[in-house]
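J.: The structure follows.
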Ligand code: ATP
Ligand code: MG
């Protein structure tokens, strides 16, 4: 062009621009096939478990006002002190937080929607949680929890019920080697008496405390027992135990829980140092732990949180619940060889010759799907008709039992070919009006 137009500027030669790759946020993972298949199966088991015990689904938003977690979790906790994704909404100045756990939000929703108005509720949730932690195996910044909350129930039978739910889940999934630790945190006055003993004990050993613990000594000494600092383990080991401060009522609650568990053959250990990382627990607390996941061995934990509903602005009502880390369960299932691969994507793979054959292919596929058959219709990556051979390769790779073939000849004769991909390899031609009957018959006889 430039030599035709006098004085035209030389075309600018652009250096090839290297487009940088976009990447996800550290510690927040994509879940891809085939792993997503394992997750879907696990999610179905979890939803089935909830249904077995009469628990209903609740879904709260992923964002809450920061105050929900400050009040609901407690300010002197790992989550609130260091792990929350909190920010100001630039558009209206609201202080918001990506939910780091489920309970505070569920309780907020129950209070706001007056859900306990006509009696107690059994609820479950499933979804992503967010904590700004150092990413490592079993510890991510976006992770997923399944959790259950039994709201409005006071008796130890509910504490037992929610523990039995966990055991049933492990049994359903075939997971072994998990151990159950339980403890009782008593009531407020018992914790206060214990707290005084703890402060006295830690003060007389102050040189052995790490920085976090010195600060917590004033604010929340119980939390010191939850430390992960190896050099403080012995100190914590010898600290006064809350269980020795429990009164009659708390002991009776704990005792009855244990009796129900024993009667159901649940093996457990009382761990007097188990306090859990959140502020709102009382009476029963428990954790399910494995040695197979390294340092991130707690797969589920929970307990009773009777003070929380009132603290969140509701009418006082007792409650308990637990949460389970889905990533850790999946990891454990892999470790124990409990995950099978997805072998089939569909029952029938439709092969066609493009052009007009696409019409009966697409209509036939919908007819089959309406009858509950899983069907994939071949689609080419470039819009051109793929060769018969490459379509049959795809049909095979899809794991389909049958290929349904509609070529030019079939179009003309208003028929289709059905090829057995798994057993005989035979193929037969049938009139199109027999499509549904022939395919269903074939699938039924294949499954015999
Ligand atoms: P940990 O002691 O491992 O930090 P936690 O006490 O903070 O756990 P909870 O708040 O009780 O954990 O959450 C319940 C479950 O959620 C845990 O037992 C674990 O399975 C899972 N979980 C917690 N934090 C993470 C995370 N950052 N990544 C993956 N799973 C997690
Ligand atoms: Mg934690």
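J.: Say whether the condition of being closer than 14 Å to residue 312 by Cβ and surrounded by fewer than 20 Cβ atoms within 10 Å (Cβ to Cβ) is met by at least one residue in region 116-131.
T.: Scanning region 116-131 turns up at least one residue that is closer than 14 Å to residue 312 by Cβ and surrounded by fewer than 20 Cβ atoms within 10 Å (Cβ to Cβ).
J.: Residues in region 20-37: is at least one within 16 Å of ligand 1 (Cβ to nearest atom), at pLDDT below 95 and closer than 21 Å to residue 330 by Cα?
T.: There is at least one residue in region 20-37 that is within 16 Å of ligand 1 (Cβ to nearest atom), at pLDDT below 95 and closer than 21 Å to residue 330 by Cα.
J.: Condition check: assigned to a loop (DSSP other than H, G, I, E, B) and either buried (at least 17 other Cβ atoms within 10 Å of the Cβ) or touching a helix residue (DSSP H, G or I) at 6+ places or on another chain (Cβ under 9 Å) (or both). Does residue 391 satisfy that?
T.: no
J.: Still on this model: Among what's in region 98-136 and is within 16 Å of ligand 2 (Cβ to nearest atom) and in contact with a helix residue (DSSP H, G or I) (Cβ under 8 Å, 6 or more places away or on another chain), pick the residue that is nearest to residue 321 (Cα to Cα).
T.: 103
J.: Please tell me if residue 89 is farther than 30 Å from residue 223 by Cα, surrounded by fewer than 20 Cβ atoms within 10 Å (Cβ to Cβ) and not assigned by TED's automatic domain parsing to the domain that holds residue 158.
T.: It is false that residue 89 is farther than 30 Å from residue 223 by Cα, surrounded by fewer than 20 Cβ atoms within 10 Å (Cβ to Cβ) and not assigned by TED's automatic domain parsing to the domain that holds residue 158.
J.: Out of all the residues in region 292-318, which are part of a loop (DSSP other than H, G, I, E, B) and over 13 Å from residue 331 (Cβ atoms)?
T.: 305, 306, 307, 312, 313, 314, 315, 316, 317, 318
J.: Same structure, new question: Considering (1) closer than 14 Å to residue 76 by Cα; (2) surrounded by fewer than 19 Cβ atoms within 10 Å (Cβ to Cβ), say which one residue 216 fails and leave the rest.
T.: (2)
J.: Quick check on residue 434: is it assigned to a helix (DSSP H, G or I) and closer than 12 Å to residue 360 by Cα?
T.: no
Conditions tested, residue by residue: (1) touching a helix residue (DSSP H, G or I) at 6+ places or on another chain (Cβ under 9 Å); (2) at positive phi; (3) part of a helix (DSSP H, G or I); (4) within 16 Å of ligand 1 (Cβ to nearest atom).
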{"residue": "320", "(1), (2), (3), (4)": "yes, no, no, yes"}
{"residue": "337", "(1), (2), (3), (4)": "no, yes, no, no"}
{"residue": "360", "(1), (2), (3), (4)": "yes, no, yes, no"}
{"residue": "367", "(1), (2), (3), (4)": "yes, no, yes, no"}
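J.: Filter the helices (runs of 4 or more DSSP H) completely within region 138-252 down to those with at least 3 residues that are under 16 Å from residue 285 (Cβ atoms) and either within 25 Å of the chain's Cα centre (by Cα) or more than 16 Å from ligand 1 (Cβ to nearest atom) (or both).
T.: Once the helices (runs of 4 or more DSSP H) in region 138-252 are filtered for at least 3 residues that are under 16 Å from residue 285 (Cβ atoms) and either within 25 Å of the chain's Cα centre (by Cα) or more than 16 Å from ligand 1 (Cβ to nearest atom) (or both), what remains is 156-173, 188-203.
J.: Considering only residues that are in contact with a strand residue (DSSP E or B) (Cβ under 6 Å, 6 or more places away or on another chain) and closer than 14 Å to residue 353 by Cα, which ones fall in region 364-394?
T.: Across region 364-394, the qualifying residues are 377, 378, 391.
J.: Among the residues in region 99-110, are any surrounded by fewer than 21 Cβ atoms within 10 Å (Cβ to Cβ) and away from ligand 1 (no atom under 16 Å from the Cβ)?
T.: Looking for residues that are surrounded by fewer than 21 Cβ atoms within 10 Å (Cβ to Cβ) and away from ligand 1 (no atom under 16 Å from the Cβ), one finds at least one in region 99-110, hence yes.
J.: Now for a separate question. Just checking, which of 284, 227 is under 27 Å from residue 104 (Cα atoms), in contact with a helix residue (DSSP H, G or I) (Cβ under 8 Å, 6 or more places away or on another chain) and within 16 Å of ligand 2 (Cβ to nearest atom)?
T.: 227
The values are calculated or read from the model by the stated rules, or taken from the named source; none is laboratory data. This is a predicted model, so every value here is computed, not measured. Reconstructed Cβ throughout: ideal geometry from the backbone, glycine too, with neighbour counts over all protein chains shown.
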